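Enquirer: The structure that follows is given in the form of structure tokens.
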Amino acid sequence: MRRQGRKCALATIIDVRGSIPSHRNAKMLIRDDGSFVGTVGGGCVEAEVWDAAREAMDSERARKLAFNLGHDASYETGLICGGQLDIYIEPILPMPVLLLFGAGHISKSICRIASLAGFGATVIDDRESFANAERFPDAEGTLSGEYEALFPELNTNGNTYIVIVTRGHRDDMRILRWAVTTDARYVAMVGSKRKVISTVKELEKEGMERRLFERLHAPMGLEIGAITPEEIAVSVVAEMIAARRNPNTEWSRLSMSIFAQEEMKALLK
């Protein structure tokens with residue numbers, strides 16, 4: 001499941017008091033598609049564990065459930081043992097994947113700090129002399145070549161984070177055109193508000209809908225007054241962590257907010 005970039009949850013009976021229809025350390029693995037393998041006793045216990053496992057995957061937080069089978073004793077369900085048990089449910093999460101486009105000095109700092117924060121980074125650049133293991137020892141991997149040719153090799157899902165920081169505006173736009181069509185959890189691009197607006201407007205002229213850019217973090221990173229590459233990297237990785245741990249947060253730094261601000265300024269003139 002981890003290799004496939006998928007979530008699951010492991011339920012384990014950690015304590016037993018009295019007689020139960022299973023045994024201590026029995027396990028049940030619940031996958032993100034709802035299927036499962038193993039058992040912790042069946043009946044209403046298993047149904048509640050399944051629900052709790054889904055919640056644990058969504059929240060990415062472990063939890064413990066306590067059951068008193070004496071309250072649920074029934075010949076219909078077969079739960080007539082009358083014992084008590086505690087079940088620990090832990091989410092099993094794949095390593096978050098960072099696709100870092102551009103192999104310049106800012107990317108070196110982002111890669112290093114993202115690795116320390118638990119992200120597996122792949123550095124991608126159209127120059128092999130820049131995207132290599134010697135230059136990026138903290139990266140899980142490096143890729144070099146024409147960006148459009150590399151896109152099909154990149155598997156993206158809700159566990160993917162895309163950061164665009166290439167050496168030029170045109171390259172950033174080429175990657176952004178692809179990135180906003182993926183299901184990545186986080187998409188960010190370097191640049192000023194003016195650059196972001198002009199880039200998005202160019203892509204809109206090509207027929208791309210503005211809604212595709214609603215989740216774009218640009219200018220990238222949390223506003224902490226960052227100046228140096230290392231400070232910029234801290235702000236970007238902090239924003240990635242926020243997106244990972246609080247996926248339902250309303251972001252005030254989305255490109256749509258940038259457009260709204262610009263339109264408001266125009267109306268006030």
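The values are calculated or read from the model by the stated rules, or taken from the named source; none is laboratory data. This one's a predicted model, so the numbers in the text were calculated from it and none came from an experiment. Counting neighbours? That spans all protein chains shown, and the Cβs are built from the backbone with ideal geometry, glycine included.
Enquirer: From THR166, THR181, grab the single residue that is part of a loop (DSSP other than H, G, I, E, B), touching a residue at least 24 places away in the same chain (Cβ under 8 Å) and surrounded by fewer than 15 Cβ atoms within 10 Å (Cβ to Cβ).
Expert: Just one listed residue meets the conditions, THR181.
Enquirer: Can you pull out every residue in the range 55-71 that is within 17 Å of ASN246 (Cα to Cα) and among the basic types (Lys, Arg)?
Expert: Listed by number, the list holds a single entry, ARG61.
Enquirer: Another question, if that's okay. Scan the range 143-178 residue by residue and report those that are under 26 Å from CYS8 (Cα atoms) and among the hydrophobic types (A, V, I, L, M, F, W, C).
Expert: Once the filter is applied, which keeps residues that are under 26 Å from CYS8 (Cα atoms) and among the hydrophobic types (A, V, I, L, M, F, W, C), the range 143-178 yields LEU154, ILE162.
To keep it simple, each residue is scored yes or no on (1) closer than 24 Å to ARG112 by Cα; (2) among the charged types (D, E, K, R).
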| site | (1), (2) |
| --- | --- |
| ASP183 | no, yes |
| ARG194 | no, yes |
| SER198 | no, no |
| GLU204 | no, yes |
| ARG211 | no, yes |
| ARG215 | no, yes |
| GLY221 | yes, no |
| ILE227 | yes, no |
| ALA233 | yes, no |
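Enquirer: So is THR199 within 23 Å of the chain's Cα centre (by Cα), hydroxyl-bearing (Ser, Thr, Tyr) and assigned by TED's automatic domain parsing to the domain that holds ASP126 or not?
Expert: Working: within 23 Å of the chain's Cα centre (by Cα): no; hydroxyl-bearing (Ser, Thr, Tyr): yes; assigned by TED's automatic domain parsing to the domain that holds ASP126: yes.
Criteria not met by THR199.
Enquirer: Another question, then. So which residues in the range 130-148 are assigned to a loop (DSSP other than H, G, I, E, B) and within 14 Å of LYS108 (Cα to Cα), if there are any at all?
Expert: Those that are assigned to a loop (DSSP other than H, G, I, E, B) and within 14 Å of LYS108 (Cα to Cα): PHE130, ALA131, ASN132, ALA133, GLU134, ARG135, PHE136, PRO137, ASP138, ALA139, GLU140.
Enquirer: In the range 25-51, which residue that is in a loop (DSSP other than H, G, I, E, B) and touching a residue at least 40 places away in the same chain (Cβ under 8 Å) is surrounded by the most Cβ atoms within 10 Å (Cβ to Cβ)? Walk me through how you get there before you give the answer.
Expert: First, the residues of the range 25-51 that are in a loop (DSSP other than H, G, I, E, B): 25-26, 32-35, 39-42.
Pick out the ones that are also touching a residue at least 40 places away in the same chain (Cβ under 8 Å) and you get 40-41.
Working: VAL40: 25, GLY41: 23.
So, considering only residues that are in a loop (DSSP other than H, G, I, E, B) and touching a residue at least 40 places away in the same chain (Cβ under 8 Å), the one surrounded by the most Cβ atoms within 10 Å (Cβ to Cβ) is VAL40.
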